[in-house]
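Structure, as C-alpha cells:
Any read-out appearing in this document is the output of simple, stated calculations on the displayed coordinates, not a laboratory observation. Remember, it's a predicted structure, so these values are computed and weren't measured experimentally. Please note: Cβ atoms are built from the backbone with ideal geometry, for glycine as well, and neighbour counts cover all protein chains shown.
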Amino acid sequence: MSEKKMILVIDDDKNIRELLSLEFEDLGYSVRTAGSGFDGIQILKDKAVDLVILDIKMPGMDGIEALEKIMSIHKELPVVIHSAYSHYKENYLTWSAMAYVVKSGNLEELKNTVQNLLNKS
C-alpha cells in the first residue's frame, strides 16, 4: 500500500484548519496544519509535504509572502491558494500557485482541485 499523501493547511482561522483536516483525512490524506505563514514554513523545512493549501489574509506573514518562501524552498510543490478574496487571483504574485480556489461553504471544488493535483504527482 502506498504511503498517504501529506497536505499542509496554512490558515489563521482555527475552524477552517479543523474543517479541512477532517475533510481531507476522511479522503485518506494525512494533514498537518499551521496557524501562520511562519509556522507553515517551519513545517515545510522539517517535514515532507505533498501539497499546501494556503490562505492569503493572515497576520504577520501573509499568504503571498509565504508562497514566495515556499517556492524558494520547494519549487515543484503544488500550492493551492484558498482565500475568501477572489481579487487576489489577478495579483501576479499568486500566479506561481498551481490553483486558486475561493473559499465557500461547499468544499467540492477544493477537494477536486487537491485530488487532481496529487494524482498528477
Worksheet item: Can you give the calculated 222 nm mean residue ellipticity of the chain, where each DSSP H run of n ≥ 4 adds -39,500 (n - 2.57) and the sum is split over every residue, rounded to the nearest 500 deg cm²/dmol?
Response: -12000 deg cm²/dmol
Worksheet entry | Label-point separation in nm, Lys111 to Asp46, each point 7 Å along Cα→Cβ | 3.1 nm
Worksheet item: By the scheme Lys and Arg +1, Asp and Glu -1, what is the net charge of all other residues having a beta-carbon under 13 Å from that of Leu19?
Response: -3
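Evaluate the relative contact order of the chain (contact order divided by residue number), counting alpha-carbon pairs under 8 angstrom at least 6 apart; express in whole percent.
On the way: 190 pairs, mean separation 26.2, N = 121.
For the chain, the relative contact order is 22 percent.
For the stretch 1-84, which semi-axes, largest first and in whole Å, follow from the square roots of 5 times the eigenvalues of its Cα gyration tensor? Could the numbers behind the result be given before it?
Working: eigenvalues 73, 50, 19 Å².
Its equivalent ellipsoid spans semi-axes of 19, 16, 10 Å.
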